1. For the stretch 180-205, which positions are open to solvent by less than 10 Å² (accessible area, probe 1.4 Å) and farther than 15 Å from Gly132 by Cβ?
2. Name the pairs whose Cβ atoms lie under 6 Å apart, with the first residue in the stretch 142-153 and open to solvent by less than 40 Å² (accessible area, probe 1.4 Å), the second part of a loop (DSSP other than H, G, I, E, B) and not aliphatic (A, V, I, L, M), and 6 or more positions between them or separate chains?
3. Pick out the one residue from Val108, Val131 that is open to solvent by less than 30 Å² (accessible area, probe 1.4 Å), of a type in the set (Val, Ile, Thr), at pLDDT 95 or above and out of contact with any Pro (no Cβ under 6 Å at 6 or more places or on another chain).
4. In the stretch 36-46, which residue that is assigned to a loop (DSSP other than H, G, I, E, B) and in contact with a Lys or Arg (Cβ under 8 Å, 6 or more places away or on another chain) is surrounded by the fewest Cβ atoms within 10 Å (Cβ to Cβ)?
5. Answer yes or no: is there a residue in the stretch 154-163 that is in contact with a helix residue (DSSP H, G or I) (Cβ under 7 Å, 6 or more places away or on another chain), assigned to a loop (DSSP other than H, G, I, E, B), within 19 Å of Ile6 (Cβ to Cβ) and among the aliphatic types (A, V, I, L, M).
6. Condition first: under 25 Å from Val22 (Cα atoms) and assigned to a strand (DSSP E or B). Now tell me which residues in the stretch 58-91 satisfy that.
7. Is it the case that the stretch 186-196 has a residue that's within 17 Å of Val32 (Cβ to Cβ), in contact with a Gly (Cβ under 6 Å, 6 or more places away or on another chain), assigned to a helix (DSSP H, G or I) and not β-branched (Val, Ile, Thr)?
8. Scan (1) in a strand (DSSP E or B); (2) in contact with a helix residue (DSSP H, G or I) (Cβ under 9 Å, 6 or more places away or on another chain); (3) open to solvent by 50 Å² or more (accessible area, probe 1.4 Å) for the single condition Val11 breaks and write down its number.
Amino acid sequence: MNDAAILLDNVDLTLGSGASRVHVLKQVSLSVGRGETVGLVGPSGSGKSTLLLAIAGLERIDSGRLVVAGQDYAGLGEDALAAFRGREIGFVFQAFHLMQTMTALENVAVPLELADEPDAFARAREMLGRVGLAHRIGHYPAQLSGGEQQRVAIARALAVKPSILIADEPTGNLDSETGEEIADLIFQTSRENGSTLVLVTHDQGLAARCSRTVRIASGQIEEAAQTVRRTA
């Protein structure tokens, strides 16, 4: 696919060393088109989250080829990779990963400041308003509910208008009502920004909202991956 936002070609990735070394991804090949929404499904321990980390450049592959937003990761050092990730990739973690000593506003402003955004705090306020938290910008994570923390995490991920949005079990820690609201927000904002969305989920309903689902088992993409077409 020439218009691929994400391209993996025969990617292998191992974690650990010695007796604890585990071959997590095994000759994984996957192409995701620009603006496409893809749900990664499969049993726990199958390599889904590791695949997301590899796409984000947070885990280095051992072999194969990985190209994201036109950039071959093999040609990037750690500093260049971090700068690229800051510009092009937004990551929504299941565990939120907010900085506890910073307010909601500061959490969202950090990646903008790292990207040399001249109006970082103004942009952060705008994004928190978009996710319905304009009244909570001065609160710390411990003062926010799980759903509110996830909204902060989404605002942070989207603040730099990334071309690629990655979400790892974004509704996994939330009740069903809040989870549905968060899912609506993720799909809406990614669509508005024209972002490519790749998410990991055990929720079949959430996966069905993606334009395509890809099943992973034992570190490999199954040949008979289900393809669906839904309106997000």
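1. Answer for the stretch 180-205, where residues must be open to solvent by less than 10 Å² (accessible area, probe 1.4 Å) and farther than 15 Å from Gly132 by Cβ: Phe187, Ser190, Ser195, Thr196, Leu197, Val198, Leu199, Val200, Thr201.
2. Sorted first by the residue in the stretch 142-153, then by its partner, the pairs are Gly146/Asn173; Gln149/Phe96; Ala153/Phe96.
3. Val108
4. Out of the qualifying residues, it is Glu36.
5. Yes, because at least one residue in the stretch 154-163 is in contact with a helix residue (DSSP H, G or I) (Cβ under 7 Å, 6 or more places away or on another chain), assigned to a loop (DSSP other than H, G, I, E, B), within 19 Å of Ile6 (Cβ to Cβ) and among the aliphatic types (A, V, I, L, M).
6. Ser63, Gly64, Arg65, Leu66, Val67, Val68, Asp72, Phe91 - these are the residues of the stretch 58-91 that are under 25 Å from Val22 (Cα atoms) and assigned to a strand (DSSP E or B).
7. Within the stretch 186-196 (the criterion being within 17 Å of Val32 (Cβ to Cβ), in contact with a Gly (Cβ under 6 Å, 6 or more places away or on another chain), assigned to a helix (DSSP H, G or I) and not β-branched (Val, Ile, Thr)), the answer is no, since none of the residues qualifies.
8. (3)
The values are calculated or read from the model by the stated rules, or taken from the named source; none is laboratory data. All values reported here derive from a predicted model rather than from experimental measurement. Because the Cβ atoms are built from the backbone with ideal geometry, glycine has one as well, and the counts that use them run over all protein chains shown. When the accessible area is computed, the model is the full protein with side chains, heavy atoms only, and any ligands, DNA or RNA have been set aside. Shrake-Rupley method; radii C 1.70, N 1.55, O 1.52, S 1.80 Å.
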